[in-house]
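Student: My questions all concern the structure below.
The values are calculated or read from the model by the stated rules, or taken from the named source; none is laboratory data. These figures come from a predicted structure and were not determined experimentally. In this analysis, Cβ positions are derived from the backbone assuming ideal geometry, glycine residues included, and neighbour counts consider all displayed protein chains. Ligands, DNA and RNA are stripped out before the accessible areas are found, and what is left, the full protein with its side chains, is counted by its heavy atoms. Shrake-Rupley method; radii C 1.70, N 1.55, O 1.52, S 1.80 Å.
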Amino acid sequence: MKTTKTKRSDQKLGVALVGLGRYAGGQLAPALQQTKHCRLAAVVSGSPGKREKWQQQYGLNTDSLYGYGDFADIAQNKSVDIVYVVLPNAMHAEYVIKAARAGKHVICEKPMATTLDDCRPMIDACKKAGVHLGIGYRLHYDPYNLKMMLMAEEQSFGRVTQVYADDSMLFEKPEWRLDAKLAGGGPLMNNGIYCIQAAIYVMHDLPISVTARFLKDETGMAKTVEAGIEWELEFPDSRLATCVSTYNHEGDILRAEGTNGWFKLEPAYEYKGLHGETSEGEFDYPTISQQAAQMDDFALTVRKNIPSIVPGEMGMRDVEIIMAIYESAIENRRVLLSLDAYRGHAMTV
Ligand code: NAD
């Protein structure tokens, strides 16, 4: 793995944001003002006006502003150590591979890609270039979700035998998330991926099969993607996670039933304002920036040259599960999963 030898250990690593949309502007850029180990060093956008606005707002140099056409020039920019891909899902693979070829470490937003075939080349491109790859799984840095992982692992309420997860949202107007070509799928790709992640970290194991069905479109917004989907992930010993993700309602819950009690988050997947409860009482934590914690951790994995706790393999594992869920819903049958190759890479199990 490449190490950033040019940087002193007290110097922040430079992050280039690729795609200056709502998440980059509303969450990541403000979080980069709070990070200890990284800083905003460059931006990549197709809009000259947006680049100029960001340059003024964040005091960026003119030579740190890129369009998609000259993105490859970022290879020569020594102030950029990490490229953070925050584009519509179907563009992730192309820009992760380009960033790796430019010799930059890469964070890729979720879902890692819209097809399983795209995932392996992304991982391989990073390996070949000797750079680190992490997925933007911010909840692995959120104290509430970390507490859920810990209670599951320590069996604070016995062994978890059932999980219920719902991450659903409504749309007011059309956007790329409702366009299969750019989104790759509907709520399963966009939100349901959090339910998959959560089911795995509270079951503290990998699922062995899935049974899924599509839900009816209740709003007329979803034309080319599914409007909703329900699925059951079966874990060893007949333990079951029931999950739902739709564009028909607002939903935000994760609940785990253990043999000696229960624990839950509601809301579970937000940036802030999460709330925890167990059969013994409530739990709460001070607000932190999940994104700052996530990016700082990635910067440290780069500095120390150790694997990320949210590596490309975890992103690929989740895309494989997503594809199995779609296959089950389309073919109306239980689909077996064979995920053992991901053990050890996907750090929570
Ligand atoms: P957005 O629509 O607000 O921004 C997307 C950006 O991509 C825009 O700046 C747009 O100009 C640019 N873009 C470039 N080519 C485009 C094209 N052909 N079509 C549409 N836009 C194009 O979206 P967002 O909410 O910022 O989401 C971006 C990525 O971040 C997605 O992969 C999404 O899943 C992810 N995301 C993650 C979280 C999280 O909590 N981890 C939250 C929100 C979004």
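Student: Of the residues G261, G315, G273, only one is free of Cβ contacts under 8 Å to residues at least 24 places away in the same chain, over 24 Å from R213 (Cβ atoms) and small (G, A, S); which?
Tutor: On the way: G261 fails: free of Cβ contacts under 8 Å to residues at least 24 places away in the same chain; G315 fails: free of Cβ contacts under 8 Å to residues at least 24 places away in the same chain.
The conditions single out G273.
Student: Next question, about the same structure. Just to be sure, is G276 over 21 Å from R138 (Cβ atoms) and either over 18 Å from the mean Cα position of the chain (by Cα) or within 16 Å of the ligand (Cβ to nearest atom) (or both)?
Tutor: Working: over 21 Å from R138 (Cβ atoms): no; either over 18 Å from the mean Cα position of the chain (by Cα) or within 16 Å of the ligand (Cβ to nearest atom) (or both): yes.
Against the criterion (over 21 Å from R138 (Cβ atoms) and either over 18 Å from the mean Cα position of the chain (by Cα) or within 16 Å of the ligand (Cβ to nearest atom) (or both)), G276 does not qualify.
Student: Here's something else I'd like to know. Which of the residues spanning the range 112-144 are within 12 Å of the ligand (Cβ to nearest atom) and within 22 Å of L265 (Cα to Cα)?
Tutor: G136, Y137, R138, L139, H140, Y141, D142, listed by residue number.
Student: Filter the range 30-68 for residues that are within 15 Å of the ligand (Cβ to nearest atom) and within 11 Å of A292 (Cβ to Cβ) and give the result.
Tutor: P30, A31, L32
Student: Tell me which residues, restricted to the range 77-91, are closer than 24 Å to T35 by Cα and not in a strand (DSSP E or B). Don't jump to the end; show me each part of the working.
Tutor: Applying the first criterion (closer than 24 Å to T35 by Cα) to the range 77-91 yields 77-87.
Matches in the range 77-91: N77, K78, S79, V80, D81, V86, L87.
Student: Same structure again: Would you check which residues across the range 69-86 are open to solvent by 10 Å² or more (accessible area, probe 1.4 Å) and within 11 Å of the ligand (Cβ to nearest atom) and list them?
Tutor: Matches in the range 69-86: V86 only.
Student: Within the set of pairs 6+ apart or on separate chains, which have a first residue in the range 164-185 that is among the hydroxyl-bearing types (S, T, Y), a second that is within 11 Å of the ligand (Cβ to nearest atom), and C-beta atoms under 8 Å apart?
Tutor: Between residues of the range 164-185 that are among the hydroxyl-bearing types (S, T, Y) and residues that are within 11 Å of the ligand (Cβ to nearest atom), the close pairs are S168/N191.
Student: May I ask you to verify whether S47 is farther than 24 Å from P121 by Cα, among the hydroxyl-bearing types (S, T, Y), over 20 Å from the mean Cα position of the chain (by Cα) and open to solvent by less than 10 Å² (accessible area, probe 1.4 Å)? Show your work before the answer.
Tutor: Values: farther than 24 Å from P121 by Cα: yes; among the hydroxyl-bearing types (S, T, Y): yes; over 20 Å from the mean Cα position of the chain (by Cα): yes; open to solvent by less than 10 Å² (accessible area, probe 1.4 Å): no.
No.
Student: Please work out if Y58 is open to solvent by 10 Å² or more (accessible area, probe 1.4 Å), hydroxyl-bearing (S, T, Y) and out of contact with any Leu (no Cβ under 7 Å at 6 or more places or on another chain).
Tutor: Numbers: open to solvent by 10 Å² or more (accessible area, probe 1.4 Å): yes; hydroxyl-bearing (S, T, Y): yes; out of contact with any Leu (no Cβ under 7 Å at 6 or more places or on another chain): no.
Taking the combined requirement at face value, the residue does not satisfy it.
Student: Ok, one more. Since V210 meets every condition but one in (1) under 20 Å from the mean Cα position of the chain (by Cα); (2) under 17 Å from I322 (Cα atoms); (3) among the β-branched types (V, I, T); (4) open to solvent by less than 10 Å² (accessible area, probe 1.4 Å), which condition does it not meet?
Tutor: V210 satisfies every listed condition except (1).
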